[in-house]
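Since the structure comes first, as structure tokens, the remarks are kept for the end.
The values are calculated or read from the model by the stated rules, or taken from the named source; none is laboratory data. Source: prediction; values computed, not measured. Cβ coordinates were reconstructed from backbone atoms using ideal geometry, including for glycine residues, and neighbour counts include every protein chain displayed.
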Amino acid sequence: MVASRVFRVLALAAALGLLGTCDFFTLSTFPATASQLAAQRDLSAEIPASFARTFALSAVTAGSIDLVFLATQLPYDGAHLIVMDKDLHVLQTFSLQDLINFGASFSSAGAIRGTAGDVSIQGLHWSVTAMGLSSPVTFTTSPEPGAFCVTDGTDNYAGFNISGNTLSYYGYSAVWAVFNNYYPYPLSTNAAASFNLIGAYDDPSLADVVLIFEENNSAQDYCFTFPKSQLLGGLAFSPDLQTNYPPLQTYRADNRLIAYTQNGYIKFQKEPNGQGGTFIRLDMAGNTLPYSLRYTEDTDIQIATRNAGGWYYEYNRTTRMVRKISAWWGR
Amino acid sequence: MFKMHYTCCVITAMPAPKSIVHAMIIFTLAASFASAQDASPAQESSAAQAASSAGREVCVFPVVDLSASNGPADAPAGGSGEGADRSRSMFSALSAELAGARFQLLTEDQWRKAPGNASLSPRDFLDPATAVRVAGSAGADLAVTSFYSVQQDRILVSVSFYDTRSGDFAAGFMRTWRYNLGVYSALHAEIRGALSRLDLLPVAHSGKPAPREVLLAALTFTGPQEGMEILLSDGRSAGKIDSGKLVFPAAGIKAGEPLLVEKRLAGYHTAWQRVRAAPVVSLSPLARSSLLSIEADWTFGQLIGAGGAVRLYFVPDFSFASFSLYPYGQAPASAWGNWLYHLDTEASLGTYLFFAPDSLVRFGASTGIGLIYSLLPRTDPSSYFDAYLNIISIWGELNLGRVSIFLRPEMKMALGMFSPNLLGTSVLMPGGVFAPVTLGAIYKW
């Protein structure tokens with residue numbers, strides 16, 4: 001009898017509590033991300049269904065121009081590179097023979113450069129206008145392009161590669177001439193450690209270059225910051241990097257969804273039941289800020305952030321939709 | 001054998017206390033013995049006995065204490081002290097067992113109110129003729145008398161049941177036990193045994209005829225709906241309700257005979273009703289037959305808005321096509337987000353399950369297709385179209401006449417067949433976890 005009354009009181013309290021929360025009234029059939037949606041494009045005309053097994057998305061800012069690059073690897077049909085403007089209008093589509101490892105693109109003074117597997121896309125051949133790109137685009141072979149590149153704003157570039165515990169990088173000139181030597185550095189004193197490079201970011205407002213790694217043998221992501229001047233100036237780093245350049249360590253993001261943007265990071269945490277997840281916001285020191293965005297939809301996505309924030313992009317491999325998402329942590 | 005002892009009892013059961021005791025002892029012993037000769041078959045099923053006694057009225061007279069030093073201790077009202085407690089306990093045992101056998105016990109006030117009964121003392125009822133007369137005058141079917149006597153450490157208990165219609169001794173017992181707490185257990189068992197034997201006394205043995213059948217000259221059907229036609233189970237029309245009633249000449253119908261009548265009225269659902277033949281037969285109203293209803297609803301997951309629907313029934317109040325509209329808003333997920341506006345439209349087919357249109361509770365299921373138009377004013381593009389399949393919606397409904405309240409969980413799947421869309425191909429779940437549930441009301445035209 002008493003237990004029954006207690007149960008009824010608790011049930012009523014729970015019901016009122018649920019009703020009292022905003023969530024009860026604001027829960028929607030539509031994903032919460034829809035309210036942050038700035039633009040959306042269906043790329044099913046450009047990308048054949050079910051073939052886009054590998055893809056990479058990157059966003060580039062060149063002065064006042066923002067471009068979005070989506071590279072897809074089609075197992076039986078080569079690779080495609082789709083170039084879009086900041087509002088996701090398709091500007092140009094390129095077919096490539098292969099796309100082993102598409103990397104971030106970068107820019108300076110009206111030129112845009114990027115890497116795509118074995119080739120580099122030379123900015124010298126691109127003429128960027130406010131509305132798009134002019135053809136033709138040519139590709140030239142790059143000796144060791146690396147997956148990710150950053151620039152110092154003077155048309156010098158750095159490309160990074162990681163192999164096990166060893167980080168290496170090249171310095172390139174504007175015409176992809178290597179002007180710095182190859183520098184291999186151990187990331188950790190643990191020789192058995194094995195890292196993957198998730199992203200490299202060169203925010204002009206920062207003195208450092210940001211590199212984000214995941215470690216294969218632990219549930220940690222590592223966010224390193226290296227002095228930009230040292231990196232591109234050909235100055236040696238002090239090994240090991242983890243000791244001398246202590247990174248921010250954070251519990252591993254799900255689906256590799258962690259990225260630098262606007263003096264902080266966004267990081268994805270999947271729900272335990274697998275139904276979506278939540279992006280949270282971290283500052284540069286790793287503090288979790290009171291901003292988040294719940295994803296209830298399919299999270300088979302990759303994101304590409306802008307250094308300046310304001311928005312970011314996501315591409316869903318399942319739906320072949322590319323979307324521009326307004327920054328939910330503020331502008 | 002039985003008759004002989006009974007006669008003996010009548011002759012000897014005269015007012016003097018000593019002679020009453022002796023007469024009762026002789027009578028009860030004899031009657032118990034006689035009953036015992038016939039008892040064993042009746043003990044097979046006390047349930048059958050209970051069924052046969054259901055609703056029959058019984059008059060339980062006070063338990064009389066005939067102990068040598070007895071005072072005014074006759075139950076239920078008499079005295080105080082050990083004798084009174086004992087009498088009350090025995091009376092309670094009798095009452096409980098009779099009630100358990102589904103007899104209806106008359107109170108003392110009921111059987112005392114007949115003229116001449118008020119002045120009788122408890123001992124007067126030990127006279128079987130008096131007991132039968134008093135109980136009969138109160139309308140009881142059974143009279144129960146009892147007494148006991150305590151001598152040193154032993155107790156003698158006698159209980160007798162009389163059929164008031166025949167005046168016959170119906171069952172009883174007289175037992176002696178060592179007087180301790182076990183007496184009451186034994187007493188209950190003896191009473192139950194006697195009651196089971198009571199079933200062995202068929203009314204027919206008393207020579208009385210079975211109740212006479214009552215044949216009705218006419219049935220008067222009453223109902224609240226004018227013009228309602230009544231048809232008998234053989235298809236004959238008995239006529240229509242006029243001014244609230246229909247008199248049907250039904251000579252030969254036995255009172256109490258079960259009848260199945262069909263009720264018809266234009267604009268209402270035909271219904272069948274089981275009734276028993278009686279001078280006046282009250283009929284329940286028919287449920288209105290609706291071909292159109294409107295619906296107002298509120299759906300979890302779309303709470304910043306509300307919807308409405310029109311139902312067109314192709315089987316009245318049963319199967320229908322429905323067309324619905326549901327505009328609602330969606331709040332921004334952050335301070336830097338934007339409002340969304342949706343318009344959900346759906347066409348569906350539904351049907352009720354299991355229960356008739358006039359049932360208080362009804363269940364139904366529906367399926368359909370829908371399209372949600374979404375307007376995102378600050379997005380490029382700003383219009384989105386999500387087609388979906390309502391795989392199945394199952395609802396429970398509280399049917400309150402022209403208005404019903406329903407609760408309807410829905411299973412919907414976005415098809416992703418138009419571009420641009422927001423949902424792709426996915427199951428619609430508010431918050432990604434819950435199924436949409438609609439609370440609504442229906443008004444039947």
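Kindly indicate whether B:G424 is closer than 29 Å to B:K444 by Cα and in the same structural domain as B:G308 (by TED's automatic domain parsing).
Details: closer than 29 Å to B:K444 by Cα: no; in the same structural domain as B:G308 (by TED's automatic domain parsing): yes.
Answer is no for this residue.
For B:S92, state whether it is outside any loop (DSSP other than H, G, I, E, B) and at pLDDT below 85.
On the way: outside any loop (DSSP other than H, G, I, E, B): yes; at pLDDT below 85: no.
No, not satisfied.
Restricting the first residue to region B:223-238 and requiring it to be surrounded by 12 or more Cβ atoms within 10 Å (Cβ to Cβ), which pairs with a second residue that is in a strand (DSSP E or B) and aromatic (F, W, Y) meet a Cβ separation below 8 Å and a spacing of at least six or different chains?
Cβ pairs passing all conditions: B:Q225/B:Y268; B:M228/B:Y268; B:I230/B:F221; B:I230/B:F248; B:A238/B:F221; B:A238/B:F248.
Among B:P327, B:P357, which is outside the structural domain of B:I230 (by TED's automatic domain parsing), within 37 Å of the chain's Cα centre (by Cα) and more than 30 Å from A:G310 (Cβ to Cβ)?
Details: B:P327 fails: within 37 Å of the chain's Cα centre (by Cα).
Only one candidate qualifies: B:P357.
State all residues of region B:120-130 that are surrounded by fewer than 24 Cβ atoms within 10 Å (Cβ to Cβ) and part of a helix (DSSP H, G or I); if no residue qualifies, say none.
Restricting attention to region B:120-130, the residues satisfying the condition of being surrounded by fewer than 24 Cβ atoms within 10 Å (Cβ to Cβ) are B:120-124, B:127-130.
Within region B:120-130, B:P122, B:R123, B:D124, B:P128, B:A129, B:T130 meet the criteria.
Within region B:386-397, work out how many residues are within 14 Å of another protein chain (Cβ to nearest Cβ) and either touching a Phe, Trp or Tyr at 6+ places or on another chain (Cβ under 8 Å) or modelled with pLDDT under 90 (or both).
2
I'm trying to understand the selection: among the residues of region B:398-445, which are away from chain A (no Cβ under 13 Å), part of a loop (DSSP other than H, G, I, E, B) and small (G, A, S)?
If the condition is that a residue be away from chain A (no Cβ under 13 Å), part of a loop (DSSP other than H, G, I, E, B) and small (G, A, S), then B:G401 is the only one that fits.
Checking A:G276 against (1) within 12 Å of chain B (Cβ to nearest Cβ); (2) within 26 Å of A:D85 (Cβ to Cβ), only one condition comes out false. Which one?
Here A:G276 clears every test but (2).
Among residues belonging to region A:306-331 that are at positive phi and more than 7 Å from every other protein chain (Cβ to nearest Cβ), point out the one that is modelled with the lowest pLDDT. Spell out how you get there, then give the answer.
Filtering region A:306-331 for residues at positive phi gives A:309-310, A:320, A:330.
Imposing the further condition that a residue be more than 7 Å from every other protein chain (Cβ to nearest Cβ) reduces the set to A:309-310, A:320.
Values: A:G309: 92, A:G310: 93, A:R320: 87.
Across region A:306-331, the extreme among qualifying residues is A:R320.
Working only within region A:279-305, note down all residues that are within 12 Å of chain B (Cβ to nearest Cβ), polar (S, T, N, Q) and either under 15 Å from the mean Cα position of the chain (by Cα) or exposed (fewer than 15 other Cβ atoms within 10 Å of the Cβ) (or both).
Selection gives A:T299 alone.
How many residues are under 16 Å from B:D85 (Cα atoms) and among the hydrophobic types (A, V, I, L, M, F, W, C) when one looks only at region B:157-190?
So the answer is 4.
Select from region B:403-430 the residues that are modelled with pLDDT under 90, crowded, with 21+ Cβ neighbours inside 10 Å and in contact with a strand residue (DSSP E or B) (Cβ under 8 Å, 6 or more places away or on another chain) and list them in ascending order.
Passing the criteria: only B:S426.
Kindly check whether there is at least one residue in region A:228-250 that is closer than 30 Å to A:A34 by Cα and more than 14 Å from chain B (Cβ to nearest Cβ).
Narrowing region A:228-250 to residues closer than 30 Å to A:A34 by Cα: A:250.
In the following step, the residues that additionally are more than 14 Å from chain B (Cβ to nearest Cβ) were identified as A:250.
Checked against the condition, which is being closer than 30 Å to A:A34 by Cα and more than 14 Å from chain B (Cβ to nearest Cβ), region A:228-250 yields at least one hit.
What about B:W272, is it surrounded by fewer than 15 Cβ atoms within 10 Å (Cβ to Cβ), over 30 Å from B:T367 (Cβ atoms) and in the same structural domain as B:G432 (by TED's automatic domain parsing)?
Working: surrounded by fewer than 15 Cβ atoms within 10 Å (Cβ to Cβ): yes; over 30 Å from B:T367 (Cβ atoms): yes; in the same structural domain as B:G432 (by TED's automatic domain parsing): no.
No.
Return the residues of region B:294-310 that are under 12 Å from B:L325 (Cβ atoms), aliphatic (A, V, I, L, M) and surrounded by 16 or more Cβ atoms within 10 Å (Cβ to Cβ); say none if nothing qualifies.
B:A309
So which strands (runs of 3 or more DSSP E) stay within region B:243-362 end to end and still have 1 or more residues that are within 14 Å of another protein chain (Cβ to nearest Cβ), out of contact with any helix residue (DSSP H, G or I) (no Cβ under 9 Å at 6 or more places or on another chain) and under 30 Å from A:Y291 (Cβ atoms)?
Numbers: elements: B:245-254, B:258-264, B:271-276, B:280-282, B:292-299, B:307-315, B:319-330, B:340-353.
Of the strands (runs of 3 or more DSSP E) lying wholly inside region B:243-362, those with at least 1 residues that are within 14 Å of another protein chain (Cβ to nearest Cβ), out of contact with any helix residue (DSSP H, G or I) (no Cβ under 9 Å at 6 or more places or on another chain) and under 30 Å from A:Y291 (Cβ atoms) span B:319-330, B:340-353.
Got a sec? Which strands (runs of 3 or more DSSP E) wholly within region A:14-111 have at least 1 residues that are within 14 Å of another protein chain (Cβ to nearest Cβ) and either crowded, with 22+ Cβ neighbours inside 10 Å or modelled with pLDDT of 65 or more (or both)?
On the way: elements: A:37-42, A:54-62, A:65-74, A:78-85, A:90-96, A:102-108.
Per the criteria, A:37-42, A:65-74, A:78-85, A:90-96.
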